[in-house]
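Remarks on the structure that follows.
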Amino acid sequence: MALRDELLKAIWHAFTALDVDKSGKVSKSQLKVLSHNLCTVMKIPHDPVALEEHFRDDDEGPVSNQGYMPHLNRFILDKVQDNFDRMDFNRMCWTLCARKNLNRNHLLISDDDAFKIWCIFNFLAEDKYPLVMVSEEIEYFLRKLTEAMGGSWIEEKFEEYKIQLSSKHQCLNVWELIELVGMGHFSKGMDRQTLSMGINEVFQELILDMLKQGYMMKKGHKRKNWTERWFLLNLPFTVSNAKCINNFYGDIILTDTFPFPLIGKKCLFYVKCSDKSFEISASDKKKKQEWIQAIQTCITLLKVGRPAPHLEARQKRRELRQKQQSEQEELELRMRELQTANENKQRELEALRKKLEEAAANAAEEEHRRLQTQSELQDLYRVEMEKEKMVRQQMEEQVAQKSSELEQYLQRVRELENMYHRLEEALEEERQARQDEETVRKLQARLLEEEVSKRAELEQVHLYQQQTISQTQAEKQELERERLAKESALQSAMQQLQQLEADRQGALEQYEEVMKKLADAANNTKSWKDKVSHHEGLIRLIQPGPKYPQKITNWGPAAFTETELSLREKDWQEKKNRPATPQ
């Protein structure tokens, strides 16, 4: 599957280059030529009529990339084997796309170096189309290129360039990468030869799996003389040595091999193989240790069956990016869920606020009705008191006229005064109960004000949470801790709000107790009034009555009111008119 992905990247460049008008489609004649060239370089038998048979039901016209993929998979990629020269394959695809897209003006590199950068781009690009290289892979490539040229990596310079990439979503296509390297933006002070050697070294390591290379002295087997050789340590784990770079000499197979330094020799070490051993001398101790370590690493990878280190490093970088992307998506999802929860809480608080406002309005209206009723009762009581005063004056005049019944009258007056004092005490209790009710109402208003202030604090906390959400990605972890703290503060505020609700409930219970006391006092007052109204004789005279004079008998005031007398007369008249029952 890795070979297929690698081939598809190069084929994608060739297909895109054939799309002249950028419509996403290529003519069948061009696709025939492309298929024939692919089969030739990959050593696959070519069927010249396969493309026509594949598209025989379609209209005559160009074919899209999606339409060409089934033919490519069936007749080419499914038949390919790893027995062809990949460089020839890449050269063929490069020739098709470079002719159209490569701008050679002002480039410090040759076409061969541009081709190597194109191959490196295909190796490091993401497995998504259109092919791009993300900023992490750009930094990785530029670091290795700088190290290969013997320069020092400047982090600040790349950070400035990374800021410029933000408008391009922090990625480059292959032609922008070639222009970046070819224009010398990150190789200032280096000549063209050094830049070309650096590109070639990175190309050999990443594409040709060349793990280490350099000059060392090798001792001959027959003549025992020391000769300088160019050594290349590459996959599948062989040390190739040559008289020069382009003159192949031989291979050292590293199967069942172990290198070890010679005791007492500064730069010498042995590479012991199954058939023979090799005595090699590095230029210094550091180079000797590097070669020994590199050969031991290759042998270890060979035993455990692991790929080259740069392949594992690329896979780890991709997995890390995928993990970071998934974590970022999960964090954004959690942020959206938190924002939705906060909005729901806000709506609940708004509904609670409206209910409290409605309750306050109802309480105010109830208080207004209570005050109005109290005022009406006070007016009625004032009128009754005036009527009682008039009745008392009339009673005093009648007492003066009835001196014979003075003692009885005085006794009854004392009883009436005693009842009147009791009535005043009952009225005082009613007034005290109303004062308690006013105190409870003020307490309830104060609790409502505290609840409104707490709600304002909750709204400020929510506003601060929304501000913390909008901060930069670099502070997200700190914001997460602050958000947890704010949520704790929000929970504490909600607990305080619940406590205020409990206090308000207690105040309502106190208000109900006061109302009960007021009702008891009113009932007490009513009971005393009833006693006064049902009392016989002089006691009845202080009650409110009609304005016309009351009837007086020889034994004192009339025992019945005008209404009661009329009812008794009506009852007597009915009894009189009723026929007598037979005995």
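The values are calculated or read from the model by the stated rules, or taken from the named source; none is laboratory data. Remember, it's a predicted structure, so these values are computed and weren't measured experimentally. FYI the Cβ positions are ideal-geometry reconstructions off the backbone, even for glycines, and counts take in every protein chain you see. Surface accessibility is based on the protein's heavy atoms, side chains included, excluding ligands, DNA and RNA. Shrake-Rupley method; radii C 1.70, N 1.55, O 1.52, S 1.80 Å.
Does Leu410 satisfy being part of a helix (DSSP H, G or I) and farther than 30 Å from Ala426 by Cα? No, not satisfied.
Scanning the range 93-120 for residues that are of a type in the set (D, E, K, R) and surrounded by fewer than 20 Cβ atoms within 10 Å (Cβ to Cβ) gives Arg99, Lys100, Arg104, Asp111, Asp112. Comparison of Phe75, Phe15, Phe89 shows that the only residue that is within 43 Å of the chain's Cα centre (by Cα) and either surrounded by 19 or more Cβ atoms within 10 Å (Cβ to Cβ) or hydrophobic (A, V, I, L, M, F, W, C) (or both) is Phe15. For Leu131, the criteria (1) buried (at least 22 other Cβ atoms within 10 Å of the Cβ); (2) under 24 Å from Asp88 (Cβ atoms); (3) not hydroxyl-bearing (Ser, Thr, Tyr) hold in every case but one, which is (1). Just checking, does the range 103-120 include any residue being part of a helix (DSSP H, G or I), touching an Asp or Glu at 6+ places or on another chain (Cβ under 9 Å), at pLDDT 85 or above and within 29 Å of Cys39 (Cβ to Cβ)? Within the range 103-120, not a single residue is part of a helix (DSSP H, G or I), touching an Asp or Glu at 6+ places or on another chain (Cβ under 9 Å), at pLDDT 85 or above and within 29 Å of Cys39 (Cβ to Cβ).
Could you say whether any residue in the range 383-391 is assigned to a helix (DSSP H, G or I) and modelled with pLDDT under 80?
Start the filter on the range 383-391 by keeping residues that are assigned to a helix (DSSP H, G or I), which leaves 383-391.
Filter once more, so that each one left must be modelled with pLDDT under 80: none.
No, that holds for no residue.
Within the range 18-27, can one find any residue that is at pLDDT 80 or above, part of a strand (DSSP E or B) and open to solvent by 30 Å² or more (accessible area, probe 1.4 Å)? Yes, there is a match, as at least one residue in the range 18-27 is at pLDDT 80 or above, part of a strand (DSSP E or B) and open to solvent by 30 Å² or more (accessible area, probe 1.4 Å). The C-beta contact set for the range 65-93 (first residue farther than 26 Å from Val20 by Cα, second residue crowded, with 18+ Cβ neighbours inside 10 Å, distance under 6 angstrom, 6+ apart or interchain) comprises Lys79/Ile44; Val80/Met42; Phe84/Met42.
Within the range 440-467, the set of residues being of a type in the set (S, T, N, Q) and touching a residue at least 24 places away in the same chain (Cβ under 8 Å) comprises Gln444, Gln465, Gln466. Answer yes or no: is there a residue in the range 502-516 that is out of contact with any Ser or Thr (no Cβ under 7 Å at 6 or more places or on another chain), more than 30 Å from Ala360 (Cα to Cα) and either in a helix (DSSP H, G or I) or at pLDDT below 75 (or both). Checked the range 502-516: no residue is out of contact with any Ser or Thr (no Cβ under 7 Å at 6 or more places or on another chain), more than 30 Å from Ala360 (Cα to Cα) and either in a helix (DSSP H, G or I) or at pLDDT below 75 (or both).
Scanning the range 164-177 for residues that are at pLDDT 80 or above and farther than 16 Å from Lys116 by Cα turns up Cys171, Leu172.
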